[in-house]
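Down below is the structure, laid out as C-alpha cells.
The values are calculated or read from the model by the stated rules, or taken from the named source; none is laboratory data. None of the values given here were measured: they were computed from a predicted structure. Here the Cβ positions follow ideal geometry from the backbone for every residue, glycine too, while neighbour counts run over all protein chains shown. Each accessible area value is taken on the protein alone, full model and side chains, heavy atoms only, with ligands, DNA and RNA left out. Shrake-Rupley method; radii C 1.70, N 1.55, O 1.52, S 1.80 Å.
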Amino acid sequence: MFAYLNRLTARSIRFSAWGLLALLLLAACFPGAIIAQPERRASAPAQRHARPPSPSAHSLARAQELRRQALALIRKPASRDLDAAVSRLDESARIFENLHLSEAAAEDYLDLGKVHFIRSRFKPALETYRQGLRLAGDSNPDLACMALSRISFTYSTVGDFQQASTYSQQIRECGAATANPQVRVQASEALILGLVYTKNSEALRELTRALVTAVADSGDSGVIAQSLYWEGMALYLTGATTKAIEKETAALRLSKSAGNIHDTARIEGLFAMLMVVIGEPDKAATNYAEALRIFDAIGDEDGVAITLNGLGLLNLAIGDHIAAVRNFEKALAIFTRLNDLSGQMSSASGAAQAEWKLGNYVKSQQLQKLVLKYSRKFGEVRTQATALAGLGDYYTRMRRPKLAEKYYLLAVGLCRSTHHVVGEAEHLIQLGHFYATQGRLGEALTILREALQPAMDAGRVANLASIHFETAAVYRKMGDLEKARLEIEQTIQIIESQRIKVTDYDFRATYFSSVHNYYQLYIGILMDLHKRAPGEGYARKAFEASERSKVRALLDMLAGETGCVEAPQSHGLGTGAQAQQQRNNAVAPRPTGSKCASSAPAPLTLSEVQSEIRGDNAVLLEYALGGEKSYLWAVDESGITACEIAGAEEVSRLVRRL
C-alpha cells in the first residue's frame, strides 16, 4: 500500500514553531541581539513591497504538486496513469533530496518503488527502495521499516528467499516496535511471504492472527483487508478452507470499499483458488477473469502470469489438460522474461502435471527434474513435494518401484513437516495407488484411509472422490465386491453433486469426460456382482450407470438450450480487450443450482428404454468400453442380457481390421 499521507504541511508548521521559539530564546538571553527598527515619520509611511519567492520555495511547491498529481494517478486503474506517476515521483523525490528534505524524498522513493513493483519492474523497484532506505536512515524508523519490508518482499516475490531472509530479523524488530498499522502490515507481509514458501504453516497462522489483531482497530479498511487476505492464505495452507473463504470474502469487500485496486486483484485470485479447491469451477473462472482484467489494465505482468497459473490449475481440476498446458506455458514465458524464478517453478510444475495427463511422460519428467532442482535451491518445499511425487509417478511407469516409493514418501514427509494438508492428501492418494499397482493391497488401504482426514480438512472434494475410487479399486482386487460397490457409489455421488455446481455446460462436458474412469469402475464392479448373483438386478444397474456416463453431457447441453444452465462464459483465457469483449457478449445469468437439477432431463431407466422398443425382432445393443474389459447389453421389450467382451484397445484393433 502506498504511503498516501503527505507530511510536508505538518513539517513546515513544526519548522515555523521552532523558528519562533528560537527568536524568543535569543531575545531573552541576548537582549541586544534583536535591534528595534527606527520609527518612521508619519509623513513618510512605510512602503511594503512583496518579496519574490526564493528558488527553494519554488522547488518545494513544485515537488509538492508533483507528489499530489502522482498519488492521484496511482489511484487510477490504468498502466498509462502509473507510468505518468513514475515520472512525477522520480522528479519530486529528486527535488526533495536536493532541498535536503530526506524524509519527503524517502517517502516518494518508496511510492516510486511500489509502482515499479506493481508494473513487475523488480530491479528498479529494489533500487528505489534502497534509495528510500538510505534517506530514511535512523531519523524515521517507520520509513526505514517500510523500505526494509518492501526490499524483502520483492526478493521473495522473485524467488530469492535467501536474500529476503537477510532482512527478517530487522523487519521483525521494527514491525513489533511501530504503532503505524500500515508499517505493521508491510513488515508482516514480508515475513509472511517467506513463510508461505519455506516454513511451517502453523507459524504462518500465528503471525497472521497476530497481524489481524494488531490492525483490527486501525479504522483503515485497506489495511484490515490486507491482514485478512494473509490470514485467509494461512488458513488455506493449513487446510481450514471454509474459514479461509470467510476471511477472503471479508477482505474482498473491504479492499473494494477502500479502492485498493491491486490488492483487490490479489484477493480475487486467492478466492478463485479456494473455489477450485471446493469444486466451484464457475465461480473460480469468474474471479480469475476479474483478477486478470485488473492486472492487465494496470500493466502488472507478474500478476497476469500468476493468474494464468491459477487458470491452469482450474483447467487441470476440470480435466481440460490442453488448455492447462497453454496457460502454464503463457505464464512461464512471462515469468522467464521477468526473471521471476518462483513463478517459473510454479508454471513448470503445473505444466509437468498437465503433460503427464496428456501422456507426454518424458517431457513431464524433464520438467519435474527442473522444478525439483530449483525448489531445493530456494527452499520452496511445496513445489518440491509436487515434483517428488511427479517423479514417483514417472518411475512407477518405468517399473522402478523402489525409486518410485522413495519419491512418494519424501513428498508426503515434506507436506506433513509443513502442515500442508492439501499436498499431503494428494500425495497419499498417489502412494496408495502405487501400493495397489504393486499388489500391496493392505498397505494401499491403510494409506488411503490416512488420506481421508487431510482431504476432509482441506475440503477438497476432488481428492475425496479420488480416495473412494482408489479404495473401491483395491477392494475389487481383494474380491470384496460389496465394499467396492459402496466406495465407488460414494465417488459417483460426489461427482454427481458437482454437476449441480458446474453451471457452464462446456465445463460440465470437460469435467465428466475427465472422470469417466470412475463410471467405468462402477460398471465393472456391478457386472462382477452380476456374475456372482445374476438375478439381483446388477446388470440393470450397470446398464443405467452406462447410460448416465454417456449421455450426461448431451442432457446438460439440452438443459442449457432450455435456459436452465448458464451460457459459456469467459474462462480467463484472454486478456485485455479480448476478455472484455467476452464479458460484453455474455448473456444474462439463467437459473442455476437445485432448480436446474430438477428441471434438466434425466437419463432413461431400463424400463423407459424398454417401453420405446417396438416389435418382437427389435433389440437395442449398448456397450461400454473399458481398459481391461468392456461390456455389452442386449435389451428387448421383455428383458436384458449382459455379457463381457474384450477391452477397448482390442475392440479398436478388431474394428480397424474390418
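What to note about this one:
- Of the numbered criteria (1) of a type in the set (Val, Ile, Thr); (2) within 25 Å of residue 274 (Cβ to Cβ); (3) in contact with a Leu (Cβ under 6 Å, 6 or more places away or on another chain); (4) open to solvent by less than 10 Å² (accessible area, probe 1.4 Å), the one residue 474 fails is (2).
- Residue within region 348-362 that is modelled with pLDDT under 90 and hydroxyl-bearing (Ser, Thr, Tyr) present: no
- Residue 407 aromatic (Phe, Trp, Tyr) and open to solvent by 30 Å² or more (accessible area, probe 1.4 Å): yes
- Output for region 430-448, where each listed residue is open to solvent by less than 30 Å² (accessible area, probe 1.4 Å) and touching a residue at least 24 places away in the same chain (Cβ under 8 Å): 431, 432, 434, 436, 444, 445, 448
- Residue, modelled with the lowest pLDDT, within region 391-425, restricted to residues that are of a type in the set (D, E, K, R) and within 21 Å of residue 195 (Cβ to Cβ): 416
- Among the residues here, residue 427 does not qualify as outside any helix (DSSP H, G or I), touching a residue at least 40 places away in the same chain (Cβ under 8 Å) and within 27 Å of residue 346 (Cβ to Cβ).
- Residue in region 465-488 that is within 23 Å of the chain's Cα centre (by Cα) and in contact (Cβ under 8 Å) with a residue 40 or more places away in the chain present: yes
Listed here are the residues, each with its yes/no results for (1) more than 30 Å from residue 196 (Cβ to Cβ); (2) small (Gly, Ala, Ser); (3) in contact with a Ser or Thr (Cβ under 8 Å, 6 or more places away or on another chain); (4) part of a helix (DSSP H, G or I).
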position: 82; (1), (2), (3), (4): no, no, no, yes
position: 85; (1), (2), (3), (4): no, yes, no, yes
position: 89; (1), (2), (3), (4): no, no, no, yes
position: 95; (1), (2), (3), (4): yes, no, yes, yes
position: 115; (1), (2), (3), (4): no, no, no, yes
position: 132; (1), (2), (3), (4): no, yes, no, yes
position: 139; (1), (2), (3), (4): yes, yes, yes, no
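- Filter pass, residue 152 being hydroxyl-bearing (Ser, Thr, Tyr), within 19 Å of residue 194 (Cα to Cα) and in contact (Cβ under 8 Å) with a residue 60 or more places away in the chain: no
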